[in-house]
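The values are calculated or read from the model by the stated rules, or taken from the named source; none is laboratory data. As the structure is a computational prediction, the values presented were derived from the model and not from experiment. So basically every Cβ, Gly included, is an ideal-geometry build from the backbone, and we count neighbours across all protein chains shown.
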Amino acid sequence: MAAKIFPLVLLVATSACLAQQPAPLITNVEHRTTVSLDGPWHAIVDPYDTGLKDYRSHIRSQDGFFQNAKPHTPQDLIEYSFDKSETLNVPGDWNTQRPSLLFYEGTIWYEKSFSYRPKPHTRVFLHVSAANYFSIVGLNGTVICDHEGGFTSFNCEVTPLLHEGENFVVIYVNNARKAEGIPTLSTDWWNYGGLTRDVQLVEVPERFIQDSFIHLIPGTRDQVAAWVKLSDATADQRVTVRIPELAIEKSTTTDRSGVADFSFSDKRLQLWSPEQPKLYKVEIETSAGGSGTDASKDKIEDEIGFRSIEVRGHDILLNGAPTFLRGVSIHEEAPYRSGRANSDDDAKTLLGWAKELGANFVRLAHYPHNEHMLRMADRMGLMVWSEIPVYWDIKWDNPATLADAQNQLTENITRDKNRASIVIWSVGNETPVTDARTKFMQILVKTARTLDSTRLLSAALQVQHHDGTTRVIDDPLGADLDVLGCNEYIGWYEGKPEDADKANWKSPYDKPLVMSEFGGSARSGLHGNSDARFTEEYQEDLYKHQTAMLDRIPFLGGASPWILMDFRSPRRLLPGIQDFYNRKGLISDRGEKKKAFYVLQKWYRQKETTDHSAH
Ligand code: GCU
């Protein structure tokens, strides 16, 4: 039976900690009764945090912007007005909604008024799918919770504060970068701020299904293990799990911590794979034990795929069969319009291109992407590498930084653990090898394994040293991982593309390698000799040398070249070529395929044929 460790509410000390921590995360909100608050929100741009602190930097607990105050007489002094302020769309980053906000990093206050009718025996949570980076939530003038981390969901209970008729929610969002943050000060992606994903009210019964984990036991084809956790620690509550399509129905009761455990086997289970992304409708239902009322009855469903993922020596085994991960890396950049991707359509476009490449795997870099993306990967049949933004050099010795990283990892796994598509949790990218760093990363690996023992752990490492023309992957963190990830840029940051022809690879670890990044930049439509940087021909040539080199690596289990689509970056400043875009995409931000796209497509077609003939 998979370990049942529930997410501890990690205390994150922040200067402006006005509120309590969010409530435990309600998972599978997609299948809950909800009231969407998406759409236009009034927004106040507040570069000096005037709405939060007075001129002495004291928190304005009485007259801050959470009050959404309005003058009642001409004498009243109110120096802000949400009603008179322009709006910003939610979900959406603020940077791409107004030219004046493209580079803006700081605070913006969001306000939304809505009418609501409270229902009997119903609890209500305000659910924010993501707010970058630090946010404080207030309802009807009362501050209720705050959250740190720009790429994971959180929710706060609002039941006692909601009233019949008009209500208003105010959310303070600040995306200022900070050295002790996750990510830290420098990233090669745009620091898109705001309420970047859906915001909604979630309605649940007084006692409800808080969380669940249903999965195939690794290494089996028919044994299912599951746990269901209720919103409170009440024993003897009857819980039923059903898979109607297979007429499976299992019931048991909760233990004193409000958890019900299940295990059963069924030889008829069709396993999920990229070729056949089979999802079953799974129902979970609770009925009141003993003298319980309807208020403690709950029912929810989800689409769950059953698959096993393991490693054996250099092989990655999907459902017991060695499977090469034909991948590509993807940023959460919206195709065609730029800014944060946040919808089913965005996911369909990006993952559709990956499928066109012949991919069966995507590396979602460098932070948890929106839930639409994961559910689309489940449906379309793409395995996923999910990562938290422990990126480059962070404050390894800072306990608050570690708590933040652990919290983001915990929220990521809590939200997504029922997604069959996710096969790898990555704890970071290109982090420098120091003792403090390795200790920090080892704690993250342990946290992930404690929360989920059914998936593989990895990280994007770098070559530590060369032995002649042989590159050695012997980062000490490799010992703690199941899959080695490695980023290399032979032919772009290092030497010429043809240097790959002489490059060999080795590792002391008997583990599969996913070459998690390689590539070079090309401006779509720029043509020239293959040795002219930024031309499509240069990128095409680089991919030819790279794929030939990768074929020679005996322990290669997969690849996710950098990157599917050009994306916005504050570090890419070359006029007429980059213009604040990283141009390593195989597709431009306007959807134009570059020549290298077809080199990779051809290689993946070969790999697919080899894989099939091996099975
Ligand atoms: C790094 C990094 C990416 C970055 C890429 C690049 O390896 O992981 O985030 O965008 O290289 O330089 O293009």
Next item on the list: Report the residue count in region 16-58 for those that are over 30 Å from residue 371 (Cα atoms) and either modelled with pLDDT under 95 or in a loop (DSSP other than H, G, I, E, B) (or both).
Entry: 11
Next item on the list: Among what's in region 28-48 and is closer than 14 Å to residue 104 by Cα and surrounded by fewer than 16 Cβ atoms within 10 Å (Cβ to Cβ), pick the residue that is farthest from the chain's Cα centre (by Cα).
Entry: 48
Next item on the list: Quick one: in region 538-576, of everything that is among the polar types (S, T, N, Q) and free of Cβ contacts under 8 Å to residues at least 60 places away in the same chain, which residue is farthest from the ligand (Cβ to nearest atom)?
Entry: 547
Next item on the list: Output the qualifying pairs, or none if there are none: Cβ atoms under 8 angstrom, residues six or more apart or on different chains, first residue in region 219-234 and aromatic (Phe, Trp, Tyr), second residue in a strand (DSSP E or B).
Entry: 227/212; 227/213; 227/259; 227/260; 227/261; 227/262
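Yes or no, residue by residue, for (1) crowded, with 17+ Cβ neighbours inside 10 Å; (2) closer than 22 Å to residue 314 by Cβ; (3) of a type in the set (S, T, N, Q):
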| position | (1), (2), (3) |
| --- | --- |
| 389 | yes, no, no |
| 413 | yes, no, no |
| 426 | yes, yes, yes |
| 430 | yes, no, no |
| 433 | no, no, no |
| 447 | yes, no, yes |
| 450 | no, no, yes |
| 467 | no, yes, no |
Notebook entry, point to check: In region 520-547, what residues are out of contact with any Phe, Trp or Tyr (no Cβ under 9 Å at 6 or more places or on another chain), surrounded by fewer than 17 Cβ atoms within 10 Å (Cβ to Cβ) and small (Gly, Ala, Ser)?
Noted result: 525
Next item on the list: Examine region 577-590 for a residue that is under 25 Å from the mean Cα position of the chain (by Cα) and away from the ligand (no atom under 16 Å from the Cβ), and state whether such a residue exists.
Entry: yes
Next item on the list: Being small (Gly, Ala, Ser), within 16 Å of the ligand (Cβ to nearest atom) and farther than 21 Å from residue 363 by Cβ is the filter here, so list the residues in region 474-516 that pass it.
Entry: 495
Notebook entry, point to check: Could you list, in sequence order, the residues of region 160-208 that are aliphatic (A, V, I, L, M), within 15 Å of residue 391 (Cβ to Cβ) and touching a Pro at 6+ places or on another chain (Cβ under 6 Å)?
Noted result: 182
Margin query: Pairs please, first residue from region 491-502 and more than 15 Å from residue 471 (Cα to Cα), second anywhere and within 16 Å of the ligand (Cβ to nearest atom) and assigned to a helix (DSSP H, G or I), Cβ atoms under 8 Å, 6+ apart in sequence or on different chains.
Written below: 492/542; 497/538; 497/542; 497/546
Item checked: Any pair with Cβ under 6 angstrom, 6 or more apart, that starts in region 353-379 at a residue that is under 17 Å from residue 323 (Cα atoms) and within 16 Å of the ligand (Cβ to nearest atom) and ends at one that is part of a loop (DSSP other than H, G, I, E, B) and not acidic (Asp, Glu) -> 362/382; 363/560
Notebook entry, point to check: If residue 175 passes every condition in (1) surrounded by fewer than 19 Cβ atoms within 10 Å (Cβ to Cβ); (2) away from the ligand (no atom under 16 Å from the Cβ); (3) farther than 30 Å from residue 258 by Cβ; (4) of a type outside the set (Asp, Glu) but one, which one does it miss?
Noted result: (1)
Margin query: Going through 523, 552 one at a time, which residue ends up being charged (D, E, K, R) and either at pLDDT below 95 or under 30 Å from the mean Cα position of the chain (by Cα) (or both)?
Written below: 523
Check: Among the residues of region 570-615 satisfying the criterion of being in a helix (DSSP H, G or I), modelled with pLDDT of 95 or more and of a type in the set (Ser, Thr, Tyr), which is nearest to residue 560 (Cα to Cα)?
Finding: 604
Next item on the list: Kindly list the number of the only condition in (1) surrounded by 15 or more Cβ atoms within 10 Å (Cβ to Cβ); (2) assigned to a loop (DSSP other than H, G, I, E, B) that fails for residue 79.
Entry: (1)
Check: more than 28 Å from the chain's Cα centre (by Cα), part of a strand (DSSP E or B), among the aliphatic types (A, V, I, L, M) and more than 30 Å from residue 110 (Cβ to Cβ), is that true of residue 239?
Finding: yes
Notebook entry, point to check: If a residue has to be at pLDDT 95 or above and in a loop (DSSP other than H, G, I, E, B) to count, how many in region 59-71 make the cut?
Noted result: 5
Check: Taking residue 509, is it among the aromatic types (Phe, Trp, Tyr) and under 30 Å from residue 583 (Cβ atoms)?
Finding: no
Item checked: Residues that are among the small types (Gly, Ala, Ser), assigned to a strand (DSSP E or B) and within 30 Å of residue 98 (Cα to Cα), drawn from region 173-214 -> 194
Check: Within region 517-537, how many residues turn out to be under 21 Å from residue 500 (Cα atoms) and within 16 Å of the ligand (Cβ to nearest atom)?
Finding: 8
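Of all helices (runs of 4 or more DSSP H) completely enclosed by region 333-438, which ones contain at least 2 residues that are more than 23 Å from residue 588 (Cα to Cα), touching a Pro at 6+ places or on another chain (Cβ under 9 Å) and of a type in the set (S, T, N, Q)?
Values: elements: 344-357, 371-380, 399-416.
By residue number, 399-416.
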